[in-house]
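Any read-out appearing in this document is the output of simple, stated calculations on the displayed coordinates, not a laboratory observation. This one's a predicted model, so the numbers in the text were calculated from it and none came from an experiment. Counting neighbours? That spans all protein chains shown, and the Cβs are built from the backbone with ideal geometry, glycine included.
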Amino acid sequence: MSALMIAALLIALFVVITILRTVRVVPQARARNVERLGRYHRTLQPGLNFVIPYIDHVYPAIDLREQVVSFQPQPVITEDNLVVQIDTVLYFQVTDPRAAAYEIASYLQAVEQLTVTTLRNVVGSMDLERTLTSRDTINSQLRGVLDDATGKWGIRVNRVEIKAIDPPPTIKEAMEKQMRAERDKRAAILSAEGQRQSQILTAEGDKQGAVLRAEGDRAADILKAEGQSHAIDQVFQAVHRNDPDPKLLAYQYLQILPQLAQGAGNTFWVIPSEVTSALHGVSRAFTEALPKSPATLETTTSDDVAAQAADDAAQAAEEAADAVADAADVTGLSPIISGADGRGGPR
């Protein structure tokens, strides 16, 4: 009985194992290749699948999702003989599980080596500055080469990205100095532009202020000149309207004579010869009869009044001559009486 039980258990275990090897469940976005008697038979699709146990050999599942692989930094020599370390990131997807399993031994290693080789070819034709500024160009060239090469392996390369480009430390230091110099240059240019703009605005403000002040001065001078012209015109009109005679002008002339001696820098002063005629004119002005005007109609025209006026005029003339002499004595100046021809002498 024990031997029969053992045999039954072994048979049951064999049946269970056989069932398990017959039924295969493949997850979504996975694929498994099946070989029958050592030859590729088919690819199991996601879901429930049945195979012939002990005859069909099912390989491990192949991931059909897009995969991301980050490769180690690789030394690359640029066109100007500088060694840079470049990190790359590859995005790829298996589109044909059969080709990925049978066309290449290790598609991941093959993609990595192909990426490094293509990267060296692309970067080797560029200098350092172009390499640092042409990442999009490098990415597109890498993707084109890798997509063409990996198509027969059942792999589609979606994207290739350069994660980092590290130049040598000495080059980094030189680049930092260059960038610092560029920043200082831009700062100096901006400062100079600001000062220039400030000076321009200040000059424009001064110009406008000077123009406005000049216009104000001009307007003030015009108004002042117009006022003086108006005043002169009024005086001229008043003088001509009242019709002054030589007698009034002679009297005014006598009033101005004492002012001729005033002045600290005068060493001599000139008494024109017209003084005598002016004195006679004043005398005649007071001895002659006044014109018949509304003012003189009310005055007395008797001979006594005329005689008194003559005496007053003579006395005024003598006082004017004495004033002239006294002014000459006080100032220490020598009075000179000039004739009509400009000649004269002291008196």
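Expressed in units of 2.2 N^0.38 Å, where N is the residue count, the Cα radius of gyration of the range 157-244 is 3.03.
Given R0 = 56 Å, the distance between the Cβ atoms of SER70 and ARG36 translates into a calculated FRET efficiency of 0.90. In terms of overall dimensions, the range 86-140 has a Cα radius of gyration and Dmax of 14.1, 43 angstrom. Taking packing as the residue-averaged number of other Cβ atoms within 10 angstrom, the listed peptides 86-93, 28-35 run from highest to lowest as 86-93, 28-35. One chain, two ends: ILE77 and GLU161. Fully extended at 0.36 nm per residue, the span grows by 28.4 nm beyond their Cα-Cα distance.
3J(HN,Hα) along the range 159-167, derived from phi through the Karplus expression 6.51 cos²θ - 1.76 cosθ + 1.60 where θ = phi - 60°, amounts to 8, 10, 10, 8, 7, 7, 10, 10, x Hz, with x in place of Gly and Pro.
For GLN195 and SER106, the difference between the fully extended length at 0.36 nm per residue and the C-alpha to C-alpha distance is 25.3 nm.
Remark: the ASP221-ILE171 segment gains 10.6 nm on full extension, using 0.36 nm per residue and subtracting the alpha carbon distance.
If R0 is taken as 22 Å, the Cβ-Cβ distance between ARG183 and THR133 corresponds to a FRET efficiency of 0.75.
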